[in-house]
1. Identify, please: which residue in segment 62-96 is of a type in the set (Ser, Thr, Tyr) and not in a helix (DSSP H, G or I) and is, among those, surrounded by the fewest Cβ atoms within 10 Å (Cβ to Cβ)?
2. Before we move on, is residue 145 of a type in the set (A, V, I, L, M) and either surrounded by 17 or more Cβ atoms within 10 Å (Cβ to Cβ) or within 12 Å of the chain's Cα centre (by Cα) (or both)?
3. Taking segment 129-142, which residues are surrounded by 20 or more Cβ atoms within 10 Å (Cβ to Cβ) and acidic (Asp, Glu)?
4. Considering only residues that are within 15 Å of the chain's Cα centre (by Cα), assigned to a loop (DSSP other than H, G, I, E, B) and surrounded by fewer than 24 Cβ atoms within 10 Å (Cβ to Cβ), which ones fall in segment 41-59?
5. Kindly check whether there is at least one residue in segment 107-116 that is closer than 28 Å to residue 63 by Cβ, in contact with a Lys or Arg (Cβ under 9 Å, 6 or more places away or on another chain) and in a helix (DSSP H, G or I).
6. Identify the single condition in (1) without any contact (Cβ under 8 Å) to a residue 60 or more places away in the chain; (2) farther than 22 Å from residue 148 by Cβ; (3) in contact with a Leu (Cβ under 7 Å, 6 or more places away or on another chain) that residue 96 does not satisfy, given that it satisfies every other one.
7. Among (1) of a type in the set (Ser, Thr, Tyr); (2) over 15 Å from residue 117 (Cβ atoms); (3) touching a strand residue (DSSP E or B) at 6+ places or on another chain (Cβ under 7 Å), which single condition is residue 38 missing?
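The values are calculated or read from the model by the stated rules, or taken from the named source; none is laboratory data. This structure is a prediction, so every number in the text was calculated from the model and none was measured. Because the Cβ atoms are built from the backbone with ideal geometry, glycine has one as well, and the counts that use them run over all protein chains shown.
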Amino acid sequence: MGRRDTRRKRKRGGEVIDVERWRAATDAELLTPDALASRKAASGWHLLGVVGFAGRWRGPVARHKEDARRLLTAELEAARARHGDALVVVSGATDAGVLNLTYAACARLGITAMGITAGQAVELTLAPMRYVVPVGWRFGDESGVFVRSIDGLVMLGGGEQSRRELIAASRRGVPITVIQGFGGSADALTIEELADARVVRWTPQA
């Protein structure tokens, strides 16, 4: 019997989640999308999604990482002031870029953190978090569950997936904050795409 057959697997629709591999990669509690929905309803969670750059800080924007950290932290502190212990911050589970800043801020502030991510993320370094919800395999497979689950969204930088998720969340009427000035999709959104968003504009100091 090969390695593929010896691992415990969990089927979710047409996909297979490698439970043992996830447990080896993170201490987070694994949830299915249905379990997440049930837990949220029972616990009264307010899920705040954070999207943005998921890679290493490179180029000119890398010089302003601390400013990005400060602005993200301010958003999380404000959300905690509004929602208290019901606040759960949700991002893409990996430990790089804006996601790294988000999870690190949650750890400092004592905010419960969650990842909703594709199965592919198990091959990368994962951030510290309380819960993780693997969906599908390829990055982007998780977007539907992410958008349906969140009650608010913060965007800083990001690429096309972040932009699609913001547009989908806006169509659902989710309150959105866009932090601009760090490049990426956040700075390229059209007036129409920003129509219902709160915009925080950052300008580098000379």
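1. 94
2. yes
3. Passing the criteria: only 142.
4. Residues of segment 41-59 that are within 15 Å of the chain's Cα centre (by Cα), as a first pass: 46-55.
Pick out the ones that are also assigned to a loop (DSSP other than H, G, I, E, B) and you get 53-55.
Answer for segment 41-59, where residues must be within 15 Å of the chain's Cα centre (by Cα), assigned to a loop (DSSP other than H, G, I, E, B) and surrounded by fewer than 24 Cβ atoms within 10 Å (Cβ to Cβ): just 55.
5. yes
6. Every condition holds for residue 96 apart from (3).
7. (3)
Each row is one residue, and each column tells you yes or no for (1) of a type in the set (Ser, Thr, Tyr); (2) within 25 Å of residue 198 (Cα to Cα); (3) modelled with pLDDT under 95.
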site	(1), (2), (3)
2	no, no, yes
34	no, no, no
50	no, yes, no
65	no, yes, yes
72	no, yes, no
75	no, yes, no
78	no, yes, no
